[in-house]
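Down below is the structure, laid out as structure tokens.
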Amino acid sequence: MNAPVLPGSELSIPAEFQACFAAQRAAFFKAQEPSHAERLADLKMLARLVKDNQAAIVAAINADYGNRSTFETTFGEVFQVLDGAHDATKRLKGWMKPRRRSVDRLTFPGASNRVIPQPLGVVGVIVPWNFPLQLSFSPLVSIFAAGNRAMVKMSENSQHLAELLVGIGPKYFAADKLAFFADGGGRGPAFSSLPFDHLIFTGSGGTGRAVMANAARNLTPVTLELGGKSPAVVAPDFPVRTAAERILWAKTFNAGQVCLAVDHVFLPRGAETEFVAECRRLFTKRYPDVNGPDFTSIIDQRSYDRLGAALEDARTKGATLINLAEGQTPDAAKRKFPPHLVLNPTADMELMRREIFGPILPVQLYDEPQEVVDAINAGDRPLAIYPFTNNAETRDFYIARTRSGGVSVNDAIMHIAQHDLPFGGVGASGMGHYHGREGFDTFSKLRPVFQQGRMSAVQMMFQPPYTGFSRRVLDFMIRLKS
């Protein structure tokens with residue numbers, strides 16, 4: 001394969017990318033229909049790779065962050081991957097079965113319709129740094145269940161994990177089945193320019209647009225899992241204390257560096273005093289030492305500085321800042337960023353203009369539910385919304401009048417952990433789904449197959465020259481459909 005040059009640039013595809021892609025495509029064409037047993041073996045091998053190397057994986061991710069909570073890596077990444085792989089092994093046989101579809105017996109007597117899920121071929125996976133194990137291996141579960149091969153490019157901020165996976169991957173999978181690549185300094189555009197049969201990217205909207213543009217040159221279909229300003233809405237009927245417990249957990253998990261984190265919260269006017277008091281109490285109880293191992297560091301200095309600048313911007317524009325780690329001294333050298341509530345945010349503040357991706361929570365007050373709906377709909381469609389209410393009408397009001405990638409009611413983030421629910425965004429928060437059956441379908445060609453019966457009614461009735469008989473039959477059929 002010759003090294004292609006991207007249109008309008010001098011960037012060529014690295015030889016290792018080309019060689020791996022060519023090998024995987026050749027291997028796919030030699031075995032285009034992996035059996036249930038083969039796919040099951042691949043899923044179990046994925047799980048074995050993670051289980052055999054769990055300690056090394058956790059250590060590598062910790063090294064990439066500077067300090068990443070061991071529990072959060074184990075629960076948010078290791079467990080989620082193993083649970084997803086286990087769920088897929090149980091459901092795989094049903095996913096693989098041909099699916100019967102109805103047929104018009106009047107027009108096509110004796111015929112049949114079905115849809116056959118078939119593998120696509122070679123799938124590219126571009127992984128972000130914030131959950132680098134989950135967001136590489138969870139797509140791989142769907143990709144392997146569907147019978148494909150995969151090339152995975154890790155983030156430039158995940159060098160330790162990338163080095164580990166590049167080293168141990170060949171012990172579990174041949175390179176023509178699965179291969180991992182470190183970023184190596186901005187190789188993403190070259191990777192996304194390979195003519196994959198499908199490409200899945202998780203990351204920012206800006207990079208997602210560039211990935212989609214590169215993929216479009218090859219007409220490669222894409223699944224984009226992007227971010228977004230996902231809001232929580234606390235209804236007047238819901239206990240503020242419970243809402244604070246769940247929202248603060250979601251905002252401090254991985255120090256808020258989660259695409260599904262609660263970006264900002266809407267509170268009924270008058271509830272802010274209790275909410276602030278509960279958040280203060282909870283943070284002190286959960287993190288008596290912000291420099292301890294349970295509170296994760298910000299990934300790099302640029303992100304740390306960005307969060308500090310956004311807080312200062314809010315302060316200078318009139319917001320009230322509540323430092324939840326008051327009395328503690330976060331270690332700036334370890335990029336420990338003190339969590340803050342931001343009261344009285346305004347639309348011109350940097351915190352309200354872009355996804356926060358850190359432990360800062362703007363608090364907005366409202367009087368009527370329609371105010372919340374209008375505010376949500378005025379921006380890009382978020383990756384999730386989180387209504388907190390025990391009233392079914394209030395819940396359905398927010399779900400019906402807004403659009404988002406997903407919804408968790410009376411909690412945050414947890415819909416991503418439901419393996420029988422599809423996960424994905426909408427609009428600016430992404431396109432396409434994976435997880436569960438929808439993931440299997442995303443990485444399959446759902447191939448429609450029509451099989452004619454012993455006789456063809458169309459051939460019998462509609463042969464040219466089209467006589468009066470053909471016209472009378474067609475008129476009769478049209479009347480039947482009216």
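The values are calculated or read from the model by the stated rules, or taken from the named source; none is laboratory data. Given the structure is predicted, the values throughout are model-derived calculations rather than measurements. Cβ coordinates were reconstructed from backbone atoms using ideal geometry, including for glycine residues, and neighbour counts include every protein chain displayed. Surface areas here come from the heavy atoms of the whole protein model, side chains and all, with no ligands, DNA or RNA. Shrake-Rupley method; radii C 1.70, N 1.55, O 1.52, S 1.80 Å.
See the values below:
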{"read-out": "Any hit, the stretch 81-89, residues being closer than 20 Å to Ile116 by Cα, out of contact with any Cys (no Cβ under 8 Å at 6 or more places or on another chain) and modelled with pLDDT of 95 or more", "value": "yes"}
{"read-out": "Check on Ala179, in contact (Cβ under 8 Å) with a residue 12 or more places away in the chain and part of a loop (DSSP other than H, G, I, E, B)", "value": "no"}
{"read-out": "Hits in the stretch 406-432 (condition: open to solvent by 40 Å² or more (accessible area, probe 1.4 Å), part of a loop (DSSP other than H, G, I, E, B) and either more than 19 Å from Ile200 (Cα to Cα) or among the hydrophobic types (A, V, I, L, M, F, W, C) (or both))", "value": "Val409, Asp411, Gln418, Asp420, Leu421, Val426"}
{"read-out": "The stretch 457-471: number of residues that are assigned to a helix (DSSP H, G or I) and either open to solvent by less than 70 Å² (accessible area, probe 1.4 Å) or closer than 19 Å to Asp104 by Cα (or both)", "value": "7"}
{"read-out": "Neighbours by Cβ (under 6 Å, 6+ apart or cross-chain): first from the stretch 15-42, farther than 16 Å from Gly124 by Cα; second open to solvent by 50 Å² or more (accessible area, probe 1.4 Å)", "value": "His36/Lys93"}
{"read-out": "Cβ-Cβ under 7 Å pairs, at least 6 apart or on other chains, the stretch 268-290 side outside any strand (DSSP E or B), far side of a type in the set (Lys, Arg)", "value": "Glu278/Arg241; Val290/Lys336"}
{"read-out": "Number of the exception - Pro34 against (1) part of a helix (DSSP H, G or I); (2) surrounded by 14 or more Cβ atoms within 10 Å (Cβ to Cβ); (3) not aliphatic (A, V, I, L, M)", "value": "(1)"}
{"read-out": "Some residue of the stretch 174-185 being on the phi > 0 side of the Ramachandran plot and surrounded by 23 or more Cβ atoms within 10 Å (Cβ to Cβ)", "value": "no"}
{"read-out": "Every residue from the stretch 92-134 that is open to solvent by less than 10 Å² (accessible area, probe 1.4 Å) and in a helix (DSSP H, G or I)", "value": "Leu92"}
{"read-out": "Among residues of the stretch 433-456, those that are within 22 Å of Val123 (Cβ to Cβ) and surrounded by fewer than 21 Cβ atoms within 10 Å (Cβ to Cβ), counted", "value": "7"}
{"read-out": "Some residue of the stretch 219-229 being assigned to a helix (DSSP H, G or I), free of Cβ contacts under 8 Å to residues at least 40 places away in the same chain and open to solvent by 10 Å² or more (accessible area, probe 1.4 Å)", "value": "no"}
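Per-residue answers, yes or no, for (1) at pLDDT below 95; (2) more than 16 Å from Val276 (Cα to Cα); (3) of a type in the set (Lys, Arg):
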position: Leu224; (1), (2), (3): no, yes, no
position: Gly227; (1), (2), (3): yes, yes, no
position: Val233; (1), (2), (3): no, no, no
position: Asp237; (1), (2), (3): no, yes, no
position: Val240; (1), (2), (3): no, no, no
position: Ile247; (1), (2), (3): no, no, no
position: Ala250; (1), (2), (3): no, no, no
position: Asn254; (1), (2), (3): no, yes, no
